1. Might you check whether a residue that is surrounded by fewer than 22 Cβ atoms within 10 Å (Cβ to Cβ), of a type in the set (S, T, N, Q) and closer than 26 Å to residue 209 by Cα occurs anywhere in the stretch 51-71?
2. Within the stretch 11-59, work out how many residues are touching a residue at least 60 places away in the same chain (Cβ under 8 Å), part of a loop (DSSP other than H, G, I, E, B) and either within 26 Å of residue 193 (Cα to Cα) or more than 20 Å from the chain's Cα centre (by Cα) (or both).
3. Going through 83, 12 one at a time, which residue ends up being of a type outside the set (Lys, Arg), on the phi > 0 side of the Ramachandran plot, surrounded by fewer than 18 Cβ atoms within 10 Å (Cβ to Cβ) and not assigned by TED's automatic domain parsing to the domain that holds residue 233?
4. Taking the residues in the stretch 60-77 that are part of a loop (DSSP other than H, G, I, E, B) and of a type in the set (Asp, Glu) as candidates, determine which candidate is modelled with the lowest pLDDT.
5. If you check 122, 139, 134, which single one turns out to be closer than 29 Å to residue 25 by Cα and part of a strand (DSSP E or B)?
6. Any idea which of (1) modelled with pLDDT of 95 or more; (2) more than 26 Å from residue 155 (Cα to Cα); (3) out of contact with any Leu (no Cβ under 7 Å at 6 or more places or on another chain) is the one residue 80 doesn't satisfy?
7. Determine which member of the set 165, 141 is of a type in the set (Ser, Thr, Tyr) and touching a Ser or Thr at 6+ places or on another chain (Cβ under 8 Å).
8. Please find, among 100, 108, 181, 118, the residue that is surrounded by fewer than 18 Cβ atoms within 10 Å (Cβ to Cβ), on the phi < 0 side of the Ramachandran plot, assigned by TED's automatic domain parsing to the domain that holds residue 72 and small (Gly, Ala, Ser).
Amino acid sequence: MAFRDAALSFEMVSRTSVGREFTARRRVRLGDATPNGRLRLDALARYLQDVSNDDTRVSEWSDPHWWVVRRTVVDVHEFPKYMEEIDLVTWCGGLGSHWAERRTQLLALDGRVLVDAAALWVHIDQDTMQPSRVPDDVVETLTESSGGRVVGARLLLRDKLFDATHATSSPWPLRFSDYDAVGHMNNAAYWEIVEEHLAEHRDLRAPLRAVVEHVVQVDPGQNPVRQSVIVDNELDLQLTENDTMHSAMWCGVLS
């Protein structure tokens, strides 16, 4: 598999329990769960977006809005279940000049870590829509919890493209509900593609790792194609349109 080594090389850093942390409690509701009652990955992605937004608002960042996700890595140790209450704890796992890594854990109420997640958020200028430096007040807020760890923004999967001639290609129809208030395909909608893979390969269950990287946004009116290579239940996937790479994904057993 083309993406396997790169996906598994990602370091999911440990929780430091120092500096700023933010905690929110959620219950897995009907619209978040599969027919078998486990939390879906697209619902999990919404949880991650929501707790991030709540944290930035409570901490009163000078610029809480102009951040975009470039990559999310999720390690599912155990899927939360329908109607289960969970705690989401989030903190900064590392800083760069124009970006920051947000670590989030989903915890059972007895303290077990069910899910580890790391999302790379890039700060952008609202006028140019280009990456811009992380504001000083945000750096001050996040430095202690980051432990001084410096992170880069290079994508794991984009430079490791598989041979699409060996891939299975199919259209990925977009719905009105896939788009958000920013006007392009919401991050959580990409995770529905990974969920389709889990639905088709029921032997692939926790512990697992899934990676979604965003290269070029999907706008209304576009017609992306899903190109996938599946070996031993592992998924390499590219979401493309003509010569444009929109996203790259990997899902497989967590080593």
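The values are calculated or read from the model by the stated rules, or taken from the named source; none is laboratory data. No experiment lies behind these values; they were computed from the predicted model shown. FYI the Cβ positions are ideal-geometry reconstructions off the backbone, even for glycines, and counts take in every protein chain you see.
1. yes
2. 8
3. Of 83, 12, the one residue that is of a type outside the set (Lys, Arg), on the phi > 0 side of the Ramachandran plot, surrounded by fewer than 18 Cβ atoms within 10 Å (Cβ to Cβ) and not assigned by TED's automatic domain parsing to the domain that holds residue 233 is 83.
4. 63
5. None of the others qualify; the one that does is 122.
6. If we test residue 80 against (1) modelled with pLDDT of 95 or more; (2) more than 26 Å from residue 155 (Cα to Cα); (3) out of contact with any Leu (no Cβ under 7 Å at 6 or more places or on another chain), just (3) comes out false.
7. Unique residue meeting the criteria: 141.
8. None of the others qualify; the one that does is 108.
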